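Novice: Can you keep this structure in mind? I'll have questions shortly.
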Amino acid sequence: MLSNDADRERDRLDSIQRSVDAFTTTILDGLSLEASWNCLELGAGAGSIAYWLADRCPNGRVVAADLDTRHLDTHRAANLEVQEADITSEDFAPGSFDLIHARYLFCHLAERDEMIARATRWLSPGGWLIVEEPYHLPADTSPFPLVRRILDAYQRTYREHGADMTWARGLPSLLARNALTEVAFAANPGCMGGLDKDRWLPLITQAAPTLLADGLLTEADLAEFATLLKDPAFIDIPQVTLSAWGRRAGETPNAPA
């Protein structure tokens, strides 16, 4: 459903970047990045965070890794390395990165807890791991009957494909269990509706063929949703993005001896 081969996948990625990038970069800024850091962006998508890191760490290196790199600009920065990789089988050298960031990635992986453990080993001493994942609110708590149907269908389909949209709640504890220190977290509500603040139309549009084929939604539901999005009083919060981060014990990355 979220394949890079799917129609309008770039629209979905752009929508994520518009709605979440400011939240993400505020967290990254708070970690006092240094120009010499080596960074890894897992599941780089359309590349906005990898490009931002390349700009902030001009004397370091940024590896943008994704299963499909068609939406990434390999020539965007001299210190940017685009790598096509399946991170469930890729094993980066231990201690390689001062900062590792991933967004909306681990919740889709079957061995998500184990992948967090692996990522912590790729950190250099003092390095940071920042993981951002969606936490879906229960569909039946929406004040809009149509949204209850849409979210129920959407969440059910994700579950059937092995994703866990509530896994993010355990992220802070998971980071701490993997011996990361200074663990902290923050949340960013996602908006459905609100006219130009909406970020869900591209997601539902891309998922629609699957939801229709499985009989979970009807064309009438989608038409009603399109009409509802034009109503300024239609504002809902179907999910929050939970960001959690922690630091590997040891010296500050690239600190002088």
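The values are calculated or read from the model by the stated rules, or taken from the named source; none is laboratory data. This is a predicted model, so every value here is computed, not measured. Here the Cβ is made from the backbone with ideal geometry for all residues, glycine too, and neighbour counts use every protein chain on show. Please note that ligands, DNA and RNA were not included when accessible areas were found on the heavy atoms of the full protein model with its side chains. Shrake-Rupley method; radii C 1.70, N 1.55, O 1.52, S 1.80 Å.
Novice: For ALA119, are the conditions met, namely being open to solvent by less than 60 Å² (accessible area, probe 1.4 Å), small (Gly, Ala, Ser) and touching a helix residue (DSSP H, G or I) at 6+ places or on another chain (Cβ under 6 Å)?
Specialist: Spelling it out, it is not the case that ALA119 is open to solvent by less than 60 Å² (accessible area, probe 1.4 Å), small (Gly, Ala, Ser) and touching a helix residue (DSSP H, G or I) at 6+ places or on another chain (Cβ under 6 Å).
Novice: Here is a further query. Here are the criteria: (1) part of a loop (DSSP other than H, G, I, E, B); (2) modelled with pLDDT of 95 or more; (3) in contact with a helix residue (DSSP H, G or I) (Cβ under 9 Å, 6 or more places away or on another chain). Tell me which single one GLU132 does not satisfy.
Specialist: (1)
Novice: Another question about this same structure. Please specify each residue of the stretch 40-70 satisfying the condition of being among the hydroxyl-bearing types (Ser, Thr, Tyr) and either in contact with a Lys or Arg (Cβ under 6 Å, 6 or more places away or on another chain) or part of a strand (DSSP E or B) (or both).
Specialist: TYR51
Novice: Looking only at the stretch 175-197, filter to residues that are under 19 Å from the mean Cα position of the chain (by Cα) and buried (at least 21 other Cβ atoms within 10 Å of the Cβ); which one of those is nearest to LEU123 (Cα to Cα)?
Specialist: Selected residue: LEU175.
Novice: Same structure, new question: Which condition number in (1) closer than 30 Å to LEU212 by Cβ; (2) open to solvent by 30 Å² or more (accessible area, probe 1.4 Å); (3) assigned to a helix (DSSP H, G or I); (4) in contact (Cβ under 8 Å) with a residue 60 or more places away in the chain is the one that GLN17 fails?
Specialist: (4)
Novice: Tell me, please, whether a residue that is open to solvent by 50 Å² or more (accessible area, probe 1.4 Å) and modelled with pLDDT of 95 or more can be found in the stretch 40-49.
Specialist: No: zero hits.
Novice: Still on this model: Which one of these is hydrophobic (A, V, I, L, M, F, W, C), in contact with a Gly (Cβ under 8 Å, 6 or more places away or on another chain) and over 29 Å from SER89 (Cβ atoms): ALA110, ALA153, ALA184, ALA139?
Specialist: ALA184
Novice: Scan TYR154, TYR158 and give me the residue that is within 21 Å of the chain's Cα centre (by Cα), open to solvent by 10 Å² or more (accessible area, probe 1.4 Å) and of a type in the set (Ser, Thr, Tyr).
Specialist: TYR158
Novice: Go through (1) closer than 27 Å to GLU114 by Cα; (2) among the charged types (D, E, K, R); (3) modelled with pLDDT of 95 or more; (4) surrounded by fewer than 17 Cβ atoms within 10 Å (Cβ to Cβ) for ASP98 and report which single condition fails.
Specialist: For ASP98, the exception is condition (4).
Residues are listed down the side, and each one gets a yes or a no for (1) of a type in the set (A, V, I, L, M); (2) at positive phi; (3) free of Cβ contacts under 8 Å to residues at least 60 places away in the same chain:
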position: ARG8; (1), (2), (3): no, yes, no
position: TRP52; (1), (2), (3): no, no, yes
position: HIS71; (1), (2), (3): no, no, no
position: ASP86; (1), (2), (3): no, no, yes
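Novice: Give the residue, chosen from ALA119, ALA153, that is under 24 Å from LEU53 (Cα atoms), in contact (Cβ under 8 Å) with a residue 60 or more places away in the chain and assigned to a helix (DSSP H, G or I).
Specialist: ALA119
Novice: Another question about this same structure. With the requirement that a residue be farther than 19 Å from SER243 by Cβ and either modelled with pLDDT under 90 or in contact with a strand residue (DSSP E or B) (Cβ under 7 Å, 6 or more places away or on another chain) (or both), what does the stretch 9-39 give you?
Specialist: Hits for the stretch 9-39 are GLU9, ARG10, ASP11, ARG12, ASP14, ASN38.
Novice: Go through ILE87, ILE100 for me and flag whichever is out of contact with any Pro (no Cβ under 9 Å at 6 or more places or on another chain), assigned to a strand (DSSP E or B) and either more than 23 Å from LEU175 (Cβ to Cβ) or not small (Gly, Ala, Ser) (or both).
Specialist: Sole residue among the options that is out of contact with any Pro (no Cβ under 9 Å at 6 or more places or on another chain), assigned to a strand (DSSP E or B) and either more than 23 Å from LEU175 (Cβ to Cβ) or not small (Gly, Ala, Ser) (or both): ILE100.
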